[in-house]
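Please treat every number below as a calculation from the coordinates, not as lab data. Here the structure is a predicted model, which is why all the values come from computation and not from measurement. No Cβ is skipped: glycine too gets one built from the backbone with ideal geometry, and neighbour counts run over all protein chains shown.
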């Protein structure tokens with residue numbers, strides 16, 4: 001990335017300096033690595049399954065400790081959900097702000113293009129939503145982010161076109177925000193199912209996209225359905241950000 005030589009202290013400064021980036025070449029995808037100075041990265045020694053910080057060599061996540069997490073590996077595009085990343089996600093999730101949704105779509109596309117072996121997956125799909133989950137918003141933020149990225153990445157990447165989707169949410173859930181970790185795991189049980197009967201998932205390597213991983217319960221339930229009902233061989237996660245948790 002080229003730009004001002006002074007220290008970059010925010011995501012917004014990094015974006016302004018990114019305008020002349022030779023890696024992204026003014027295309028739709030924006031590589032998160034080009035904005036690294038404005039992000040809070042996941043440490044290299046974090047748990048590979050849930051991207052949680054480890055303490056004394058042990059993952060503090062309830063899902064990992066109890067063996068509930070069905071995700072193989074979690075890839076995090078923008079690091080921890082804090083600072084500018086948190087504000088960007090809130091603007092997209094709570095208000096469905098079009099600018100925030102578009103920027104997150106560009107960052108997701110850039111992460112897949114520049115930092116993920118997406119072609120190692122047979123299918124890439126988003127966590128689905130229930131119509132009642134719109135809660136007055138004009139669009140579902142994660143779906144809008146996903147569709148923006150998908151339009152830029154097809155046909156070179158195996159993204160689900162959602163017509164019909166491989167994975168659906170079969171019942172509405174109360175908002176998970178503010179719920180204790182065990183309650184989140186109970187709330188998502190049975191909330192997802194296959195969108196249609198298919199053999200395409202048998203033995204497939206699947207990546208599921210979500211905006212934020214907090215406990216991993218939602219992604220794990222999606223992975224359980226893909227494994228048990230679809231016969232997927234591998235289910236990994238791609239998330240925009242990881243909720244930072246204290247491990248001490």
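Take the Cα of residue 102, go 7 Å toward its beta carbon, and the backbone nitrogen atoms of region 141-165 under 16 Å from that spot belong to 144-152.
Three principal axis extents describe the C-alpha atoms of the chain; from largest down they are 52, 45, 37 Å. Going by neighbour counts of Cβ atoms within 10 Å, the residues 211, 94, 122, 45 line up, fewest first, as 45, 94, 122, 211. As a proxy for reagent exposure, ranking 157, 80, 146 by other Cβ atoms within 10 Å from fewest up yields 157, 80, 146.
Taking the chain as the reference, fit the longest principal axis to its C-alpha atoms, fit the long axis of helix 98-115 to the helix C-alpha atoms, and give the angle between the two in degrees, 0 to 90, nearest 10. Between helix and principal axis, roughly 90 degrees. Rounding to the nearest 10 and keeping the result within 0 to 90°, find how far the Cα-based axis of helix 141-153 lies from the longest principal axis of the chain. Computed tilt is about 70 degrees. Calculated [222 nm] ellipticity per residue, helices only, for the chain: -9000 deg cm²/dmol; basis is -39500 (n - 2.57) per DSSP H run with n ≥ 4, divided by all residues, nearest 500.
What is the order of 111, 196, fewest Cβ neighbours within 10 Å to most?
So the residues, fewest neighbours to most, are 196, 111.
The angle separating the long axis of helix 83-95 from the principal Cα axis of greatest extent in the chain is about 50 degrees. What residue among 164, 43, 126 shows peak mean-square fluctuation when the chain is described by a Gaussian network model with Cα springs under 10 Å? Sorting by GNM fluctuation, first place goes to 164.
Reported to the nearest whole Å, the Cα centre-to-centre distance from region 149-207 to region 81-115 is 19. Across the chain, the mean sequence separation of Cα contacts (distance under 8 Å, 6 or more residues apart), normalised by length, yields a relative contact order of 24 percent.
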